[in-house]
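The values are calculated or read from the model by the stated rules, or taken from the named source; none is laboratory data. Just so it is clear, the structure is predicted and the values come from calculations on it, not from any experiment. Using ideal geometry, Cβ is built from the backbone for each residue, glycine included, and neighbour counts are taken over all protein chains shown.
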Amino acid sequence: MSHGDDSLVDTPPFPQRAQALFSEKLGYGRRWKTAAAEQLGIGRATLYRYLDDPAGVAPDVLAKLSQLEGPQAPVHAVREMVTLIASAIIQIQTCIDAEGWLRAPYPMSVRRVFDLGAARNLADGGDVWPTDLHGLMRRAQEPLFRWLPDISWDVGGDYLAVRLVESGEASTACRALALPGGDPESEIEENLGYEMLVGLCRDRVDGEELYRTWRKTVIENVVMTSWSTAILMDPLLATLERSDEIVEAFYDRIPESFAINGELPTCTISGTILRRDGRAFHTECRQPEAIRRAREGVHGRLKYRPGMLYLKRAFRTFWALPGLTELELKRRLDALGWTTNLWPALDRVDLIAIAPDGSRRLAIDVKDYISPARLASRFNGFKTFEADHHCYLVIPDYIIETDPRFEARFEALRAANGRPTVSLAAVSDFLEGLAP
């Protein structure tokens with residue numbers, strides 16, 4: 001028997017090969033499915049079908065995978081380097097969120113960035129690219145235009161002045177740059193707990209109410225002392241199958257290092273855990289009042305106990321923090337006599353509302369975006385609601401307070417990019433327009 005026959009060599013199945021390539025070798029980490037779909041030239045639904053049934057993978061997709069697995073040419077495009085650097089920072093943040101510090105050896109995506117940085121510096125005859133952790137953090141805290149050799153890939157100017165790390169944490173812009181498609185909210189869609197939750201809700205008659213109850217629960221319970229108390233005491237959530245697995249996918253255990261003198265300092269507005277920033281505190285909540293209180297040392301206190309849980313960062317960013325505005329908007333519409341419904345059809349839109357006399361139906365999406373350019377480019381409309389609802393994009397009041405020209409800039413950018421017109425207003429202005 002010939003030992004040189006390649007046909008006798010076992011090739012790992014498609015799912016293992018794809019994850020090893022995109023998550024580990026190419027450094028996309030938990031976002032590997034988004035990168036895999038894009039670089040293999042297939043849709044997300046097709047990728048999931050291939051992951052579930054490797055025997056059905058199309059030959060051209062396997063050929064593309066093999067090509068990507070082969071020796072890679074050095075990364076020369078600045079945009080690709082930025083993606084890899086942002087991905088490495090997200091991986092570092094994930095390690096710190098889970099354990100309270102960064103362990104050695106560093107994650108593979110981080111080490112790969114340092115190797116590529118050294119190669120690029122040697123080829124370019126400079127020292128632009130970080131080659132160690134200190135250099136990475138130093139660059140990450142500077143605006144991109146100050147250190148990148150080329151910013152021409154940022155055609156819309158969305159990232160020109162952003163920092164990858166702000167107040168000691170990975171920024172929202174960093175999360176966007178870490179993804180090939182530039183949409184950090186897709187991190188939620190890739191979460192196994194989210195997929196499980198949506199699947200269970202679709203199979204139940206009361207699935208929409210179950211989804212609504214779960215989402216409201218996590219917004220109001222960013223920190224959980226006991227998940228069994230928060231989940232199982234609710235009559236509807238108590239019927240949720242595999243609830244322990246879903247909780248584990250939505251939450252991380254809180255490292256003891258997050259506590260100060262045995263207590264967790266929490267934001268009095270959002271409930272998120274505050275982090276020391278010099279002599280003051282830093283909050284993830286962007287509301288000016290939350291920031292002011294944190295800086296002045298005003299905070300809640302929770303006694304730390306092993307086993308306490310903290311909502312994963314992606315859900316804090318895209319569910320819990322915007323959820324404060326969504327819940328406030330619902331309460332104020334209810335007070336005006338409107339009939340409201342949060343996250344209908346498993347979150348096709350954030351809120352629908354019917355006037356007291358039934359004369360008007362509203363579809364509302366709440367967006368907590370600091371950049372009008374990013375919001376203008378990413379918002380894709382109200383889909384099926386436009387036919388029989390008045391549709392509004394609503395933003396928190398604090399955004400207009402910090403950028404009075406936000407609305408005008410948003411409208412101008414939508415028009416410049418040929419996107420459909422969207423009615424946009426701050427919460428207070430929106431509600432004032434509804435008052436009788």
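When you go through 84, 136, 179 one by one, which is the residue that is in a helix (DSSP H, G or I), closer than 24 Å to residue 316 by Cβ, touching a residue at least 12 places away in the same chain (Cβ under 8 Å) and of a type in the set (A, V, I, L, M)?
Numbers: 84 fails: closer than 24 Å to residue 316 by Cβ; 179 fails: in a helix (DSSP H, G or I).
Result of the check over 84, 136, 179: 136.
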Notebook entry, point to check: Exactly one of (1) in contact (Cβ under 8 Å) with a residue 60 or more places away in the chain; (2) of a type in the set (Asp, Glu); (3) farther than 22 Å from residue 97 by Cα; (4) not assigned by TED's automatic domain parsing to the domain that holds residue 400 is unmet by residue 328. Its number?
Noted result: (4)
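Consider region 416-436. How many of its residues are assigned to a helix (DSSP H, G or I), within 19 Å of residue 386 (Cα to Cα) and at pLDDT 90 or above?
The initial filter retains those residues of region 416-436 that are assigned to a helix (DSSP H, G or I), namely 416, 427-434.
Still in the running and within 19 Å of residue 386 (Cα to Cα): 430, 434.
Then drop every residue that is not at pLDDT 90 or above, which leaves 430.
Of the residues in region 416-436, 1 are assigned to a helix (DSSP H, G or I), within 19 Å of residue 386 (Cα to Cα) and at pLDDT 90 or above.
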Note to self: For the condition surrounded by 13 or more Cβ atoms within 10 Å (Cβ to Cβ), within 30 Å of residue 416 (Cβ to Cβ), β-branched (Val, Ile, Thr) and in the same structural domain as residue 84 (by TED's automatic domain parsing), what is the one hit in 162, 113, 155?
What the structure shows: 162
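If I filter region 40-55 for residues that are closer than 28 Å to residue 274 by Cα and either in contact with an Asp or Glu (Cβ under 6 Å, 6 or more places away or on another chain) or not assigned by TED's automatic domain parsing to the domain that holds residue 168 (or both), do I get at least one hit?
No: region 40-55 contains no residue that is closer than 28 Å to residue 274 by Cα and either in contact with an Asp or Glu (Cβ under 6 Å, 6 or more places away or on another chain) or not assigned by TED's automatic domain parsing to the domain that holds residue 168 (or both).
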Item checked: Matching residues, region 214-245, being part of a helix (DSSP H, G or I) and more than 22 Å from residue 308 (Cβ to Cβ) -> 239
Item checked: Hits in region 294-325 (condition: basic (Lys, Arg) and exposed (fewer than 15 other Cβ atoms within 10 Å of the Cβ)) -> 301, 303, 305
Item checked: Close pairs from region 258-281: first assigned by TED's automatic domain parsing to the domain that holds residue 300 and over 17 Å from residue 168 (Cβ atoms), partner modelled with pLDDT of 95 or more and among the polar types (S, T, N, Q), Cβ under 7 Å, at least 6 apart -> 266/272
Next item on the list: Filter region 297-318 for residues that are assigned to a strand (DSSP E or B) and under 21 Å from residue 192 (Cα atoms) and give the result.
Entry: 309, 310, 311
Next item on the list: Among the candidates 31, 49, single out the residue that is over 17 Å from residue 20 (Cα atoms), in contact with a helix residue (DSSP H, G or I) (Cβ under 8 Å, 6 or more places away or on another chain) and part of a helix (DSSP H, G or I).
Entry: 49
Check: Does region 355-365 contain any residue that is touching a strand residue (DSSP E or B) at 6+ places or on another chain (Cβ under 6 Å), under 25 Å from residue 285 (Cα atoms), part of a strand (DSSP E or B) and among the aliphatic types (A, V, I, L, M)?
Finding: yes
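Looking at 321, 333, 346 in this structure, which one is under 30 Å from residue 203 (Cα atoms), part of a helix (DSSP H, G or I) and touching a residue at least 60 places away in the same chain (Cβ under 8 Å)? Talk me through it step by step, then tell me what you get.
Values: 321 fails: touching a residue at least 60 places away in the same chain (Cβ under 8 Å); 333 fails: under 30 Å from residue 203 (Cα atoms).
Step by step, each of 321, 333, 346 is checked, and only 346 is under 30 Å from residue 203 (Cα atoms), part of a helix (DSSP H, G or I) and touching a residue at least 60 places away in the same chain (Cβ under 8 Å).
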Margin query: Would you confirm whether or not region 26-40 contains a residue that is more than 20 Å from residue 82 (Cβ to Cβ), in contact with a Pro (Cβ under 6 Å, 6 or more places away or on another chain) and modelled with pLDDT of 80 or more?
Written below: no
Checklist line | Options 354, 370, 364: the member that is hydrophobic (A, V, I, L, M, F, W, C) and closer than 22 Å to residue 206 by Cα | finding: 354
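Matching residues to (1) at pLDDT below 85; (2) surrounded by fewer than 18 Cβ atoms within 10 Å (Cβ to Cβ):
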site: 170; (1), (2): no, no
site: 176; (1), (2): yes, no
site: 198; (1), (2): no, yes
site: 210; (1), (2): no, no
site: 254; (1), (2): no, no
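Run down 129, 101 and say which single residue is closer than 30 Å to residue 253 by Cβ, in the same structural domain as residue 163 (by TED's automatic domain parsing) and in a loop (DSSP other than H, G, I, E, B).
101
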